[in-house]
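The values are calculated or read from the model by the stated rules, or taken from the named source; none is laboratory data. Please read these numbers as outputs of a predicted model, since none were measured by experiment. Note: ideal-geometry Cβ built from the backbone for every residue, glycine included; neighbour counts use all protein chains shown.
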Amino acid sequence: MEKTFFITNFGCRASQSEGASIHQELLESHAVESESAYEATVVVVNSCTVTSEADRDVRQTIRRIASRNPSAQIIVTGCYAQRAPEELAALPQVRFVVGNSHKSLVGQFALNLLHDDFGTHGRAEILCSSIFLERELRPPSHVGSGGRTRAVVKVQDGCNANCSFCIIPSVRGRSRSFEPEAAIAEVRDLVARGYKEVVFSGIHLGTYGRDLQSKTSFYELICRALEVRGLERLRVSSIEPLEVVPELIDLVARDPRMAHHFHIPLQSGSARILRSMYRPYSPDYYVQLVSRIRTCVPDAAIGADVMVGFPGETDEDFFETYRLIEQSPLTYLHVFPYSSRPGTIAAGLPNHIPEHVSRFRAKVLRNLIARKNEAFRRKMIGTEVEALTLEDGTALSSNFLPVVISEAVPVNEWVRLLVTGLDRDRGLLASRITTAHETH
């Protein structure tokens, strides 16, 4: 029987990019990909640990794979593997637990398992050391994408911030950046392979370049990327409020290759809670920032991360968050009930909020943003948009809206569409006008 592999990814776009690199390494080594983790010989679980729920999802996935695929050899890597390798090593059929400190070795471990005969084994091997020993960020040896149309390029890793609720700095280490030449070379490679859209991602993306010997900035990297011949769309992943510089907003407004999309974490609309979170901006600053974006880029999607139920969050604190979102031009949210993470400052704070209260507050915000998102999409009915066709038969607009097209279209093409209505899954319905071949 042919030996195959499968990769299951959890977490942020930076993590997805790392999973895509492992995937590409295996493909370039002529490994065969399975259609399912339940049929694969080797399964790589690329984990996340941002919340206790993320941890639980990873554990449940591993147990489900072990139950339905009793012969699978499982390799667990990523942030959960860095934080608590012993927990994962005790799970069924886990052969290796590989922290972020050794993540570059995952592909080789998978190949070894695919090429070797193996029988029963004891406790999983753990490869994990202090992530703070990592002083530089090296380009991936294998440039992956995770798809056929859009590619994520991780240009930065780690975080020097000290948000009181966040465990990520302890599993990602200090902020580290790719050299600009390496990042641009990766963009060129992806464009040459036919990718129409590139997404720049990182853990603390706006700090890009501050650690490099020749100082540069994220804005300067974007400008250099736009010089790459053939790059048709560049999208920016999540970026902190204080790092959304006016030049970036102006660039998105004037350059048609820049996606009309900003994701800017808010976390709370209460000044008191923001201070307790160690977030270095005020609600007023945030409101002025997103309002300026809406003025400069009228059709932009503007998203945010929001945390509810942070220790000590009163009803009034929550209502301040509600009012800010209600009055803002935000079009979508990622809402998270607070999750206590071991070793963080917030874990030791008093007045933790009952889980049922946090979940109720999260539901209220999700209902609010659903109404705002529908209003945002409804304004687009009757307008024309250019969108990139994806593998699942839909398309993605510049302002991050999925589009369901009334006819079959080839994958990885720009199409000009007339928006005719709203899709129930928070997208748009559209009919094709023509194929759009952008020239820049």
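How many residues does the stretch 157-172 hold that are among the small types (Gly, Ala, Ser) and surrounded by fewer than 19 Cβ atoms within 10 Å (Cβ to Cβ)?
2
Collect the residues in the stretch 1-33 that are closer than 16 Å to LEU105 by Cα and surrounded by fewer than 18 Cβ atoms within 10 Å (Cβ to Cβ), keeping them in residue-number order.
LEU27, GLU28, SER29
When you scan the stretch 238-245, do you find a residue that is over 21 Å from ASN162 (Cα atoms), outside the structural domain of PRO298 (by TED's automatic domain parsing), not aromatic (Phe, Trp, Tyr) and not in a loop (DSSP other than H, G, I, E, B), even just one? Even if it seems obvious, please write down each step before you answer.
Within the stretch 238-245, the subset over 21 Å from ASN162 (Cα atoms) is 245.
Applying the additional criterion that residues be outside the structural domain of PRO298 (by TED's automatic domain parsing) yields 245.
With the extra rule that they be not aromatic (Phe, Trp, Tyr), the set shrinks to 245.
This time we only want the ones that are not in a loop (DSSP other than H, G, I, E, B), so: none.
No, the conditions are met nowhere in the stretch 238-245.
Kindly list the number of the only condition in (1) within 29 Å of GLU413 (Cα to Cα); (2) within 21 Å of the chain's Cα centre (by Cα); (3) not in a helix (DSSP H, G or I) that fails for VAL335.
For VAL335, the failing item is (1).
Looking only at the stretch 215-229, decide whether some residue is part of a loop (DSSP other than H, G, I, E, B), surrounded by fewer than 15 Cβ atoms within 10 Å (Cβ to Cβ) and modelled with pLDDT under 95.
yes
Scan the stretch 400-411 and give yes if some residue there is farther than 21 Å from LEU330 by Cα and either touching a Leu at 6+ places or on another chain (Cβ under 6 Å) or in a strand (DSSP E or B) (or both), otherwise no.
At the first step, the residues of the stretch 400-411 found to be farther than 21 Å from LEU330 by Cα are 404-411.
Adding the requirement that they be either touching a Leu at 6+ places or on another chain (Cβ under 6 Å) or in a strand (DSSP E or B) (or both) leaves 404-405.
Scanning the stretch 400-411, I find at least one residue that is farther than 21 Å from LEU330 by Cα and either touching a Leu at 6+ places or on another chain (Cβ under 6 Å) or in a strand (DSSP E or B) (or both), so the answer is yes.
Name the pairs: first residue in the stretch 182-199 and of a type in the set (A, V, I, L, M, F, W, C), second residue at pLDDT below 95 and assigned to a helix (DSSP H, G or I), Cβ to Cβ under 9 Å, at least 6 apart or on different chains?
Correct list of pairs: VAL198/GLU186; VAL198/LEU190; VAL199/ARG13; VAL199/SER17.
Checking the conditions here, which among ARG279, ARG235, ARG272 is closer than 29 Å to ARG193 by Cα and among the charged types (D, E, K, R)? Spell out the reasoning first.
Working: ARG279 fails: closer than 29 Å to ARG193 by Cα; ARG272 fails: closer than 29 Å to ARG193 by Cα.
Only one candidate passes the filter, namely ARG235.
May I ask you to say which residue of ARG416, ARG371 is of a type in the set (Lys, Arg), outside the structural domain of GLU227 (by TED's automatic domain parsing) and over 22 Å from LEU231 (Cα atoms)? Talk me through it step by step, then tell me what you get.
Numbers: ARG416 fails: over 22 Å from LEU231 (Cα atoms).
Answer to the selection: ARG371.
GLY269: in a loop (DSSP other than H, G, I, E, B), at pLDDT 95 or above and surrounded by 17 or more Cβ atoms within 10 Å (Cβ to Cβ), yes or no? Talk me through it step by step, then tell me what you get.
Details: in a loop (DSSP other than H, G, I, E, B): yes; at pLDDT 95 or above: yes; surrounded by 17 or more Cβ atoms within 10 Å (Cβ to Cβ): yes.
Criteria met by GLY269.
Need the failing condition index for VAL409 against (1) closer than 30 Å to GLY269 by Cα; (2) of a type outside the set (S, T, N, Q); (3) free of Cβ contacts under 8 Å to residues at least 24 places away in the same chain, just the number.
Evaluating VAL409 over (1) closer than 30 Å to GLY269 by Cα; (2) of a type outside the set (S, T, N, Q); (3) free of Cβ contacts under 8 Å to residues at least 24 places away in the same chain leaves (1) as the failure.
Need the failing condition index for ASP57 against (1) in contact with a helix residue (DSSP H, G or I) (Cβ under 6 Å, 6 or more places away or on another chain); (2) surrounded by fewer than 18 Cβ atoms within 10 Å (Cβ to Cβ); (3) part of a helix (DSSP H, G or I), just the number.
Of everything listed in (1) in contact with a helix residue (DSSP H, G or I) (Cβ under 6 Å, 6 or more places away or on another chain); (2) surrounded by fewer than 18 Cβ atoms within 10 Å (Cβ to Cβ); (3) part of a helix (DSSP H, G or I), ASP57 misses just condition (1).
Taking VAL98 as the residue in question, decide whether it is crowded, with 17+ Cβ neighbours inside 10 Å, within 23 Å of PRO140 (Cβ to Cβ), of a type in the set (A, V, I, L, M) and in contact with a helix residue (DSSP H, G or I) (Cβ under 7 Å, 6 or more places away or on another chain).
Values: crowded, with 17+ Cβ neighbours inside 10 Å: yes; within 23 Å of PRO140 (Cβ to Cβ): yes; of a type in the set (A, V, I, L, M): yes; in contact with a helix residue (DSSP H, G or I) (Cβ under 7 Å, 6 or more places away or on another chain): yes.
Spelling it out, VAL98 is indeed crowded, with 17+ Cβ neighbours inside 10 Å, within 23 Å of PRO140 (Cβ to Cβ), of a type in the set (A, V, I, L, M) and in contact with a helix residue (DSSP H, G or I) (Cβ under 7 Å, 6 or more places away or on another chain).
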